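See structure below.
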Amino acid sequence: MNDYIARVSENLRRQYAHEPEYLQSVQAWLDMIAPAAGDPRYERLDLLTRMVEPERMFTFLVPWQDDSGKIRTNHGYRVQFSSAIGPYKGGLRFHPSVTPSVVKFLGFEQTYKNALTGLPIGGAAGGADFDPRGKSRREIMRFCQSFMFSLYRYIGSDTDVPAGDIGVGSREIGYLYGAYKRVTGRAESSALTGKGLTYGGSRVRQAAAGFGTVYFLARMLERQGESLEGKRLIVSGFGNMSWGVCRKAAELGAKVVTLSGPDGYVYDPDGVAAQEKYDFMVTMRYSGEDRVEPYAEKFGVEFFPGKKPWEVPGDAALPCATENELDVEDAILLLANGVRYYVEGANMPATAGALKLLRLSPKILTAGAKASGSGGVAVSALEMVQNSLRYSWSRREVDGKLRSIMSSIYDASAAAAEEYGLGYDLIAGNDIAAFKKISEAMIAQGL
Ligand code: GLU
């Protein structure tokens, strides 16, 4: 690590000592890009500091009225991390764990995830510490409206384009978009993505995050002379990302044998591979209970309360739930079970220690969320293109474009790793390729 990186890293540690997720994601990234950060221009322009801290951030109160008439208050955030290559772009998360640290880490990851999609989008993230669990549909709508009454002044199709994340699905995007339209008086389609198909959404957007992860895994398998046919995938979560993974995996001949929630995991040896099962995942999500056990009851499979799926043997592990869901013990289990591929869907799903262990082990090939998790935002960017064309592409067209975007992210990551003498390190390769693209864009635009 050169002196400049060490100084940037030390400053961050001092300034953001109380923001653990943000620090974790930035520190990991600084380690990855170190081999490519020797250019003296970077220090002269203080480029690294400008790349690891957000350009701006907004915090606002979100008061709303529950069904009993009581007023409740939550905290809303929007971090506009980087506009180096296009308007700010990234999801909104509604979950009680949302803090300034979490939105900053998400905005940081999003910036470098978006960079290699080949589409001109910067990076952002936002959300609120609102807990959708147990809330009625009307409460969700009122919350989304109040949230948008504060957010609307910061967003727009050429400024910042939010989308969904945990707790924000197509229903919430509908309410948010409806509120945006009323308060601005404009049907500005590409001010939000993840919209419904009847009012400007893109085909494949809901499933895109999971589809992209499976496409990325397919390229990794191909390099080893293998394919998805007959593979057993260990997947966590049961939300949007996992749902897309199950569908694309089944289509390409693999089987997802686990799903998980905060309550434990289910093991389905036949695979989550039937329309009824996909639909039930959606039903569980919209029940607002955040539990996966009902899947076991419905389909007569085993449920393991309080456990994580990483103890189940399989060919590939795909964490698709949330940050830091996989720790060192879990990583040891994956290696002991002979799992050969580790492909991230969720942002920063492994703790720093777990990631180090997996990356350095010759027994498992690894891909990071900034590459393998970028299918969702890639189709969001395609949704913006369709909105500006006042046109919509067929399912096949969008899925085909998604597949080729994932493939070019894979190629760029593998090539950058090779160029810097890092072998087949897709995580470092991806971070380096994105770093180079954003730094060039920043240098070209001056201060
Ligand atoms: N939260 C999603 C992601 O991490 C969506 C971002 C978007 O579509 O703008 O990619």
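Among the listed residues V168, V102, which satisfies the condition of being β-branched (V, I, T), within 14 Å of the ligand (Cβ to nearest atom), out of contact with any Ser or Thr (no Cβ under 9 Å at 6 or more places or on another chain) and under 28 Å from R403 (Cα atoms)?
Criteria check complete, one pass: V168.
On the given criteria, is S136 touching a helix residue (DSSP H, G or I) at 6+ places or on another chain (Cβ under 6 Å) and more than 30 Å from I432 (Cβ to Cβ)?
no
When you go through G134, G91 one by one, which is the residue that is surrounded by 20 or more Cβ atoms within 10 Å (Cβ to Cβ) and in contact (Cβ under 8 Å) with a residue 40 or more places away in the chain?
G91
Taking into account only those residues within region 203-234 that are of a type in the set (K, R) and under 14 Å from G314 (Cβ atoms), which is surrounded by the most Cβ atoms within 10 Å (Cβ to Cβ)?
K231
Can you tell me which residue among R142, R133, R137, R93 is among the basic types (K, R), farther than 13 Å from P54 by Cα and within 16 Å of the ligand (Cβ to nearest atom)?
Result: R93 is the single residue among R142, R133, R137, R93 that is among the basic types (K, R), farther than 13 Å from P54 by Cα and within 16 Å of the ligand (Cβ to nearest atom).
Going through region 356-372 one residue at a time, which ones are more than 16 Å from the ligand (Cβ to nearest atom) and either part of a strand (DSSP E or B) or under 10 Å from the mean Cα position of the chain (by Cα) (or both)?
L365, T366
Working carefully through the options G375, G423, G400, find the one that is within 16 Å of the ligand (Cβ to nearest atom) and either surrounded by 19 or more Cβ atoms within 10 Å (Cβ to Cβ) or modelled with pLDDT of 95 or more (or both).
Going through G375, G423, G400 in turn, just one is within 16 Å of the ligand (Cβ to nearest atom) and either surrounded by 19 or more Cβ atoms within 10 Å (Cβ to Cβ) or modelled with pLDDT of 95 or more (or both): G375.
Is at least one residue of region 265-287 touching a residue at least 12 places away in the same chain (Cβ under 8 Å), of a type outside the set (D, E, K, R) and touching a Gly at 6+ places or on another chain (Cβ under 6 Å)?
no
How many residues are under 20 Å from Y88 (Cα atoms), among the basic types (K, R) and either within 16 Å of the ligand (Cβ to nearest atom) or at pLDDT below 95 (or both) if we restrict to region 171-195?
Qualifying residue count for the region: 1.
Hey, could you check region 400-447 for residues that are charged (D, E, K, R) and more than 18 Å from A218 (Cβ to Cβ) and say which is nearest to the chain's Cα centre (by Cα)?
Only one residue tops the list, namely D431.
In region 187-209, what residues are part of a helix (DSSP H, G or I) and in contact with a strand residue (DSSP E or B) (Cβ under 9 Å, 6 or more places away or on another chain)?
Hits for region 187-209 are S190, A191, R205.
Among the numbered conditions (1) crowded, with 24+ Cβ neighbours inside 10 Å; (2) touching a helix residue (DSSP H, G or I) at 6+ places or on another chain (Cβ under 6 Å); (3) over 25 Å from S413 (Cα atoms); (4) not polar (S, T, N, Q), tell me where G196 comes up short.
(1)
Inspect all residues belonging to region 332-340 and state whether any of them is within 20 Å of the chain's Cα centre (by Cα) and buried (at least 20 other Cβ atoms within 10 Å of the Cβ).
no
Regarding region 438-446, can at least one residue be identified that is among the aliphatic types (A, V, I, L, M) and either within 16 Å of the ligand (Cβ to nearest atom) or free of Cβ contacts under 8 Å to residues at least 40 places away in the same chain (or both)?
The answer is yes, given that some residue of region 438-446 is among the aliphatic types (A, V, I, L, M) and either within 16 Å of the ligand (Cβ to nearest atom) or free of Cβ contacts under 8 Å to residues at least 40 places away in the same chain (or both).
The rows are residues; the columns are (1) at pLDDT below 95; (2) under 27 Å from L360 (Cα atoms).
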residue: L12; (1), (2): no, yes
residue: I33; (1), (2): no, yes
residue: G38; (1), (2): yes, yes
residue: D46; (1), (2): no, no
residue: Y77; (1), (2): no, no
residue: Q110; (1), (2): no, yes
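The values are calculated or read from the model by the stated rules, or taken from the named source; none is laboratory data. A quick note: this is a predicted structure, and the numbers were derived from the prediction, not measured. Heads up, the Cβs are rebuilt from the backbone with ideal geometry, glycines too, and the neighbour counts pull from every protein chain shown.
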